[in-house]
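The values are calculated or read from the model by the stated rules, or taken from the named source; none is laboratory data. Bear in mind the structure is a predicted one, so any value in this text is a computation, not a measurement. Here the Cβ positions follow ideal geometry from the backbone for every residue, glycine too, while neighbour counts run over all protein chains shown. To get the accessible areas, we keep the full protein, side chains included, count just its heavy atoms, and leave off ligands, DNA and RNA. Shrake-Rupley method; radii C 1.70, N 1.55, O 1.52, S 1.80 Å.
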Amino acid sequence: MPHLEPQQRAMALNKLLSLGQLDLLRNNSGLLYRLKDTQSASKMKGSDNQEKLVYQIIEDAGNKGIWSRDIRFKSNLPLTEINKILKNLESKKLIKAVKSVAASKKKVYMLYNLQPDRTVTGGAWYSDQDFESEFVEVLNQQCFKFLQSKAEAARDGKQSPMVQRNSSFATSHEVWKYICELGISKVDLSMDDIETILNTLIYDGKVEMTVIAAKEGTVGSVDGQMKLYRGVNAILQPTGLVKTPCGLCPVFHDCHEGGEISPSSCIYMSEWLDF
């Protein structure tokens, strides 16, 4: 609005703010104004500018949420005032507080109707901020069992070695479908969840993965590629040294007595010795 005087522009903006038709934002260069959608405006009807500002900051954070400390930094409001506003917005069911697995004693705030991001809740592997190690172990066993049965069926087919090898592979979608049909999970597992489990089996040396080209639209394919997995049996048993924590430790060469990493303070060594 270059044709308006600064005072006229300020009066117009203040009028729109008082009517709840603009969002007031703040960045390093100063204040920003954004046209508010009618649905958001109706929710915040009757709220003062400070409450609207806090609501807007929380809305911008999306489903990853935002800590009260960051709200304070972005709004430049006193912490006592922010806590009062947060309680008021929670009572109106406009926002909610969610505990984050990244910091158990801290809560993040997000809009009431949003589903928290996996980085906040921990996804399928966490329940009430506790890591479900037994559940993960069961999934590991069942995924490996499925791939083993696939490999055994391929060997029983008495085909050529190459055909047997190709037949022993399974897509992550096949493994996911098998796990879903078992009904061992109380939560809905995604393909990414199953691929996470399959990756742990790869790290354990129980499964190998290969990538092949796939037609666009093929179930389980991404960008024209598809991951295939198959169970493997170790040809040679690992030596005793490899079975110790030191044999697999990525910071082995930095470990020495009296240092930041040392055998006497290594929790993995203590657990191995107790076992």
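Can you name the residue in the range 182-225 that is of a type in the set (Asp, Glu) and under 16 Å from Ala124 (Cα atoms) and, of all such residues, is least open to solvent (accessible area, probe 1.4 Å)? The residue in question is Asp193.
Summed over the range 118-158, residues that are in contact with a Phe, Trp or Tyr (Cβ under 8 Å, 6 or more places away or on another chain), part of a helix (DSSP H, G or I) and aromatic (Phe, Trp, Tyr) total 3. Against the test of being in a helix (DSSP H, G or I), out of contact with any Ser or Thr (no Cβ under 8 Å at 6 or more places or on another chain), surrounded by fewer than 15 Cβ atoms within 10 Å (Cβ to Cβ) and at pLDDT below 80, the options Leu241, Leu236 yield a single qualifying residue, Leu241.
Restricting the first member to the range 174-191 and to residues that are assigned to a loop (DSSP other than H, G, I, E, B), and the second to residues that are buried (at least 18 other Cβ atoms within 10 Å of the Cβ), the beta-carbon pairs closer than 6 Å and six or more apart or on different chains are Val187/Ala124; Leu189/Ala124. Considering Phe135, Phe144, Phe131, the condition of being surrounded by fewer than 13 Cβ atoms within 10 Å (Cβ to Cβ) and in contact with a helix residue (DSSP H, G or I) (Cβ under 8 Å, 6 or more places away or on another chain) is satisfied by Phe131 alone. When Ser190, Ser127, Ser133 are checked against the criterion of being farther than 30 Å from Lys93 by Cα and of a type in the set (Ser, Thr, Tyr), Ser133 stands alone in meeting it. Kindly indicate which of Ala124, Ala154, Ala170, Ala97 is open to solvent by less than 20 Å² (accessible area, probe 1.4 Å) and either free of Cβ contacts under 8 Å to residues at least 60 places away in the same chain or of a type in the set (Phe, Trp, Tyr) (or both). Result: Ala154 is the single residue among Ala124, Ala154, Ala170, Ala97 that is open to solvent by less than 20 Å² (accessible area, probe 1.4 Å) and either free of Cβ contacts under 8 Å to residues at least 60 places away in the same chain or of a type in the set (Phe, Trp, Tyr) (or both). Scanning the range 84-94 for residues that are among the polar types (S, T, N, Q) and surrounded by 14 or more Cβ atoms within 10 Å (Cβ to Cβ) returns a single hit, Asn88. Of everything in the range 100-116 that's in a loop (DSSP other than H, G, I, E, B) and surrounded by 12 or more Cβ atoms within 10 Å (Cβ to Cβ), which residue is modelled with the lowest pLDDT? Per the stated criteria, the residue is Val101. If you go through the range 264-275 and pick out every residue that is in contact (Cβ under 8 Å) with a residue 12 or more places away in the chain and open to solvent by less than 100 Å² (accessible area, probe 1.4 Å), you end up with 2.
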